[in-house]
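Input: a single structure, listed below in structure tokens.
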């Protein structure tokens, strides 16, 4: 069988290669011509999978190595009998690390602040668990949480009144609680003065034009955007005003990407009626060696992943690029395509002779999942 896959999916050829010929393509450029004689389509979030793409094709299985599904027309796939698989939770830990790197960069005493979490699914739930484990005061808004989840929730306005607000909702346009422009001009005006807003969910959950007007209007607000409206043709004026900018890479750890590929491969094997065992998965046993002395929680967080470096690369790439030009999208996609390898906390090895931590900091880092030996 013929398999077309996004070229940014690690290990995809090794895993799927025994089932057919794997053709790797840029995800945003996969077209009807590319999949005309294809059986299996494997994508990430940049490929819109709907009737326009699939009509007339022989696609029988679509796998998306992502948590979200807003780029997939699920109703169309169901109506045509195409089997669908995705990877909920695959890169949740990576996004948590992004959030804490942002907090460490912008709010020196973030552990003593109130953190509001909008959306408490795979990512938001992981973030909540991490923060509660080290004693951070948290507020949660998620109208879809089950009563038996064990998570205490509050109303949207109370979360907006937090010192730090983290957005981790899917993008939805209908139903009782649509998230499209959930943070519109009215909601943005309710954010606490001096607070930090982090969006590592979906770009259009925040009305980007309203956010720009809010900041330009003098709002005392720190903003970190990993996701934008729209992508990849982001607003370069907004880029100038946000505190930290990154090109939709919050979940781009090596572990997160490999997890995504492995999860859809497992469901593919189930769909094929093949048996699954641990030999079918990839293990990332090699460790990243931390090269610096660690004397604080902040040192460890930024040594493992400093989002400030991503911010610097993004601003450098867009310097001199004209707004609304096609080059904007090309630069955004190039940043994602050429993103350096990034490891998760558990894969960071620390030299005991370079650890100079207080007992409290040591306990905080181990609670967060750092491997301190």
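The values are calculated or read from the model by the stated rules, or taken from the named source; none is laboratory data. As the structure is a prediction and not an experimental result, all values here were calculated from the model. Reconstructed Cβ throughout: ideal geometry from the backbone, glycine too, with neighbour counts over all protein chains shown.
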| field | Residue, nearest to residue 34 (Cα to Cα), within region 59-80, restricted to residues that are at pLDDT below 95 and out of contact with any strand residue (DSSP E or B) (no Cβ under 7 Å at 6 or more places or on another chain) | value | 70
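What number of residues within region 70-89 are crowded, with 16+ Cβ neighbours inside 10 Å and in a loop (DSSP other than H, G, I, E, B)?
So the count comes out to 6.
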| How about region 292-338: which of its residues are in a loop (DSSP other than H, G, I, E, B) and over 23 Å from residue 103 (Cβ atoms)? | 319, 320, 321, 322, 323, 324, 325, 338
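Being touching a residue at least 60 places away in the same chain (Cβ under 8 Å) and under 17 Å from residue 92 (Cα atoms) is the filter here; which residues of region 123-164 pass it? Don't jump to the end; show me each part of the working.
The first filter runs over region 123-164 and keeps only residues touching a residue at least 60 places away in the same chain (Cβ under 8 Å), leaving 123, 130, 133-134, 164.
123, 130, 133, listed by residue number.
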| request: Residue by residue through region 182-201, note down the ones that are under 19 Å from residue 237 (Cα atoms) and part of a loop (DSSP other than H, G, I, E, B). | output: 184
| task | Look at residue 162 and say whether it is in contact with a strand residue (DSSP E or B) (Cβ under 8 Å, 6 or more places away or on another chain), buried (at least 16 other Cβ atoms within 10 Å of the Cβ) and either in a strand (DSSP E or B) or on the phi < 0 side of the Ramachandran plot (or both). | result | yes
| query | Which one of these is within 22 Å of the chain's Cα centre (by Cα), within 21 Å of residue 245 (Cβ to Cβ) and outside the structural domain of residue 46 (by TED's automatic domain parsing): 131, 191, 160, 171? | reply | 171
| query | Any residue in region 107-117 that is within 14 Å of the chain's Cα centre (by Cα), crowded, with 17+ Cβ neighbours inside 10 Å and closer than 20 Å to residue 160 by Cα? | reply | no
| Subset of region 336-359 that is touching a residue at least 40 places away in the same chain (Cβ under 8 Å) and within 17 Å of the chain's Cα centre (by Cα) - its residue that is surrounded by the fewest Cβ atoms within 10 Å (Cβ to Cβ) | 341
| message | I'd like to verify a number: residues in region 292-329 that are more than 21 Å from residue 243 (Cα to Cα) and free of Cβ contacts under 8 Å to residues at least 12 places away in the same chain, how many? | response | 3
